[in-house]
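Inspection log for the structure reproduced underneath, given as structure tokens.
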Amino acid sequence: MRLDKPAGTYYLLLPCVFSTLLAAPLTAPIVAPTTAVGTITLFAIGAFIMRGAGCTINDLWDRNLDPHVSRTRLRPIARGAISVHQAIPFLGGQLLAGLTLLLQLPWQCFFYATPSLLLVGTYPLAKRVTNYPQFVLGLTFSWGAFLGFPALGIDLLSNTPALVSAACLYGSCVAWTIVYDMIYAYQDIRDDVRAGIKSIALAQEHNAKMFLTGVSALQVALLAGAGAAVGAGPVFYAGVCGGAAATLGYMIRVVNLRSVEDCWRWFRKGAWFTGGAISVGLAGEYGARYLGWYGEDASRSVGGETLLQSKES
């Protein structure tokens, strides 16, 4: 379950945090902070369980590859400490725990979350068929970008602005996954060559920072789109988009991709460096809406597809 390396849990949790904070101002009446915090707490437990399940699935698929990579050769199945026949029932227990947790959320979340299991079960195979497995990982790890909305009672299928916002948020999280996991992949770049593993680090080795900058720019643009779809205010753009741009730009500038230690350091930092900046910006936007700083023109509805207009309109 990689309990000693919780960064993966943080990266799985943060899209859920983003979507919950983005959805919170859209409810009518606007949900209380305690409700938002309680929802995020449930997501945190779920991220802990499902990240562990993802690690088990990954180790099962990669049991013949892990022994050839220095960073992974001591994983339990790879070194023979745990057999496949032991790992499978353990995985079943993890998935049952995840289902139990999921059922604590509104019932609609079950239908929004279930399709992600296909990605969870197959993303470890991506490194065998594409040089960009990080994109597939992004599709998997970013699924929480959709779940905050139904968790707070917003049906994405009947609310077009919320659906567009969630889709933009999902796309931005996919782009973010490519950025942080590309940095992570540079730890294994030499071993991947020997093991025959496909990697974005190998594919973009000669223009890595330019590629990272381009994907980061896409991430920020999609974050802006998520805010525009629901009429976000200046706090959103300054905190979320500005915070993401500043932290990503700094990380890309200073990270030493030739240093295994520095890549690992920035992979761990990135969760709460960039993810923290985005979360603070979203919390600020939610707080501004909750306290009525934007006035009556900024009020919004959850049931319809359009934003509520001012009295003059």
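Laboratory data are not the source of any read-out in this text; all were calculated from the coordinates shown. Because the structure is predicted, anything quoted here is derived from the model rather than measured. Counting neighbours? That spans all protein chains shown, and the Cβs are built from the backbone with ideal geometry, glycine included.
A few comments on the model shown:
- Rounded Å value of the spacing that divides the Cα centres of the stretch 150-167 and the stretch 1-37: 16 Å
- Using a simple spin-label model with pseudo-atoms 7 Å out from Cα toward Cβ, L125 and A238 lie 4.9 nm apart.
- A dipole drawn for the chain from +1 and -1 charges on Cβ atoms has a positive end, and of P124, A288, L152 the residue lying farthest that way is P124.
- The stretch 1-91 pair-distance distribution - Cα-Cα, 5 Å bins, rounded %: 3, 13, 19, 16, 13, 10, 8, 7, 5, 4, 1, 0
- A246 paired with K209, simple spin-label distance in nm, labels 7 Å along Cα-to-beta-carbon: 2.1 nm
- Taking only the alpha carbons of the stretch 124-172, we obtain Rg and Dmax values of 13.5, 39 Å in that order.
- Debye log10 I(q)/I(0) at q = 0.14, 0.32 Å⁻¹ for the stretch 1-47, Cα point scatterers: -0.38, -1.15
- Using Cβ point charges alone (K and R +1, D and E -1), the dipole size of the stretch 1-125 about the Cα centre works out to roughly 320 debye.
- Per principal axis, descending, Cα span of the stretch 7-295 in whole Å: 60, 43, 26
- Ellipsoid equivalent to the stretch 40-142 - semi-axes via the Cα gyration tensor, in Å: 26, 17, 11
- Listed by Cβ neighbour count within 10 Å, with the fewest neighbours leading, S116, S19, S199, S70 appear as S70, S116, S199, S19.
- Among H85, H68, the order by Cβ neighbours within 10 angstrom, fewest to most, reads H85, H68.
- Dividing the helix sum by the residues of the chain, where each DSSP H run of 4 or more adds -39500 (n - 2.57), gives a mean residue ellipticity at 222 nm of -21000 deg cm²/dmol.
- Relative contact order for the stretch 7-295, counting Cα pairs under 8 Å that sit 6 or more residues apart, in percent: 23 percent
- Based on Cα atoms of the stretch 163-288, Rg over Rh with Rh as the Kirkwood radius reads 1.03.
- Between the beta carbons of T34 and W272, assuming R0 = 25 Å, the FRET efficiency works out to 0.65 to the nearest 0.05.
- Remark: the chain carries a charge dipole of roughly 960 debye about the Cα centre, counting +1 on each Lys and Arg Cβ and -1 on each Asp and Glu Cβ.
- Potential lengthening between N64 and V254 on full extension [0.36 nm per residue; Cα-Cα distance subtracted]: 64.9 nm
- Each of V255, G242, G171 was scored by the projection of its Cα onto the charge dipole of the stretch 7-295, and the greatest displacement toward the positive side belongs to V255; charges sit on the C-beta of Lys, Arg, Asp and Glu.
- Separation of the stretch 273-288 and the stretch 84-116, taken as the distance between their Cα centroids, equals 29 angstrom.
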